[in-house]
Amino acid sequence: MRTRRGLYYPRAKVCVDKIHVKKRDFAGDNMACRKRQRISPENAGKSDLFDALPDDLVISILCKLSSTARFPSDFINVLITCKRFNSLALHSLVLSKASPKMFAFKAKNWSESAHRFLKTCADAGNVEACYTLGMIRFYCLQNRGSGASLMAKAAISSHAPALYSLAVIQFNGSGGSKNDKDLRAGVALCARAAFLGHVDALRELGHCLQDGYGVRQNIAEGRRFLVQANARELAAVLSSTAASNISTRSWLTWSPHPIPHPNHRHPTVPGCPLLSDFGCNVPAPEAHPASRFLAEWFASRGGMPGLGLRLCSHVGCGKPETRKHEFRRCSVCGAVNYCSRACQALDWKLRHKAECSQVERWLDEDGDGGEGNGAVDGNDDVIAES
């Protein structure tokens with residue numbers, strides 16, 4: 001077989017006296033280099049055909065495996081198969097094509113080796129690894145500068161979740177004081193993520209336009225973005241369901257009037273929060289592996305990111321406050337708080353709409369009403385900034 005360079009792959013019975021074998025640790029660092037006998041002249045006819053496969057062909061196969069891996073174990077099993085797989089699987093080309101689900105580490109299994117592996121993938125140019133490690137460092141390990149730098153690296157490569165996460169950081173002034181908020185930068189990052197089709201960014205940008213938050217108010221344009229977000233969300237659910245050959249009749253219906261749920265406080269069927277008013281009851285969107293890691297990380301620590309700090313009340317988010325009263329809370333009940341308007345809109349119809357009840361007055365645990373960071377109205381599309 002002729003390669004692109006004009007060379008020929010070695011045949012199975014060709015004698016290869018010596019080859020270089022590089023040993024690497026889990027992070028991919030070179031540990032040693034030695035020579036060993038691969039095929040001797042007398043054993044040439046008895047050699048394994050796998051040894052005759054060229055490295056570029058094996059790397060191509062491993063790239064396909066890493067890009068379609070559904071669990072971290074799918075890739076780890078390759079590393080422990082043999083020395084050659086362990087060496088070639090840590091090639092920068094293979095790591096740069098790894099899928100997001102390959103970085104879906106459990107918070108309870110977090111270790112220094114997992115940290116090094118993510119760092120190696122990020123150094124190889126994998127934007128998903130940059131984003132995941134950036135979120136973990138920024139929120140969990142409280143290394144704000146390094147985490148923001150990694151997310152910015154992914155954002156430069158047009159990674160929509162990284163752009164949206166940086167927008168939320170700018171809106172809230174996360175990692176700094178209230179004066180560090182930059183609403184115009186947040187809207188610009190959100191607009192870029194929305195252009196790339198990120199549903200939460202579309203929803204956030206729609207609310208910003210409706211409320212005039214960081215941008216000139218344009219109610220009609222804001223509603224257009226909200227409708228587009230709902231349409232993209234439904235299209236994503238339909239495409240994922242069609243790929244898995246699951247019938248949609250059990251959860252997708254249509255009627256001109258909203259479908260009342262038999263028990264609003266204890267729903268038995270999970271539904272999409274923003275399409276129920278139109279008669280559609282589809283599964284809620286799957287959270288990103290980085291968001292699930294944050295939720296598991298802080299849940300294992302009692303749900304408290306720090307003294308006086310709170311988590312975003314949307315179950316699929318997992319972001320914590322970096323200072324007191326950073327997140328806005330519901331102005332009706334004061335029992336929930338959100339990092340963004342998108343999280344508020346999702347959680348309102350998914351859960352909080354059935355639980356919210358008006359009270360005359362609510363206070364913080366320490367006796368004050370917050371830093372005036374704004375509140376979330378009882379409806380699902382208004383968040384006022386005071």
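Which of the residues spanning the stretch 49-70 are exposed (fewer than 13 other Cβ atoms within 10 Å of the Cβ) and at pLDDT below 85?
Within the stretch 49-70, Leu49, Phe50 meet the criteria.
Among the numbered conditions (1) touching a residue at least 60 places away in the same chain (Cβ under 8 Å); (2) in contact with a helix residue (DSSP H, G or I) (Cβ under 9 Å, 6 or more places away or on another chain); (3) farther than 18 Å from Gly186 by Cα; (4) polar (S, T, N, Q), tell me where Ser113 comes up short.
(2)
Which of the residues spanning the stretch 299-337 are under 23 Å from Leu141 (Cα atoms), open to solvent by less than 10 Å² (accessible area, probe 1.4 Å) and among the basic types (Lys, Arg)?
none
Need at least 2 residues that are open to solvent by 40 Å² or more (accessible area, probe 1.4 Å) and under 23 Å from Ala290 (Cβ atoms) per element, so show me which helices (runs of 4 or more DSSP H) inside the stretch 149-242 make the cut, counting only ones lying wholly within it.
Helices (runs of 4 or more DSSP H) meeting the threshold: 183-195.
Looking only at the stretch 44-101, filter to residues that are among the charged types (D, E, K, R) and within 27 Å of the chain's Cα centre (by Cα); which one of those is nearest to Thr132 (Cα to Cα)?
My answer is Lys101.
Looking only at residues in the stretch 80-92 that are of a type in the set (A, V, I, L, M, F, W, C) and in contact with a helix residue (DSSP H, G or I) (Cβ under 6 Å, 6 or more places away or on another chain), which one is most open to solvent (accessible area, probe 1.4 Å)?
Phe85
Mind telling me which of the residues Glu204, Glu221 ends up being more than 23 Å from the chain's Cα centre (by Cα), at pLDDT 90 or above and among the acidic types (Asp, Glu)? It would help to see each step written out before you state the result.
On the way: Glu204 fails: more than 23 Å from the chain's Cα centre (by Cα).
Just a single option satisfies the conditions, and that option is Glu221.
Quick check on my filter: what residues within the stretch 117-147 are open to solvent by 10 Å² or more (accessible area, probe 1.4 Å), touching a helix residue (DSSP H, G or I) at 6+ places or on another chain (Cβ under 7 Å) and free of Cβ contacts under 8 Å to residues at least 40 places away in the same chain?
Ala124, Gly125, Val127, Glu128, Arg137, Asn143, Ser146
Starting from the stretch 212-241, take each residue that is farther than 22 Å from Gly186 by Cβ and list its partners that are among the aliphatic types (A, V, I, L, M) and open to solvent by 70 Å² or more (accessible area, probe 1.4 Å), counting only C-beta distances under 9 angstrom and pairs at least six apart or across chains.
Ser240/Ile246
Tell me, yes or no, whether the stretch 338-358 has at least one residue that is farther than 22 Å from Ser177 by Cβ, open to solvent by less than 30 Å² (accessible area, probe 1.4 Å), of a type in the set (S, T, N, Q) and modelled with pLDDT of 90 or more.
no
The values are calculated or read from the model by the stated rules, or taken from the named source; none is laboratory data. All values reported here derive from a predicted model rather than from experimental measurement. Cβ atoms come from the backbone with ideal geometry, glycine included; neighbour counts cover every protein chain shown. The accessibility values were calculated without ligands, DNA or RNA, using every heavy atom of the protein model including side chains. Shrake-Rupley method; radii C 1.70, N 1.55, O 1.52, S 1.80 Å.
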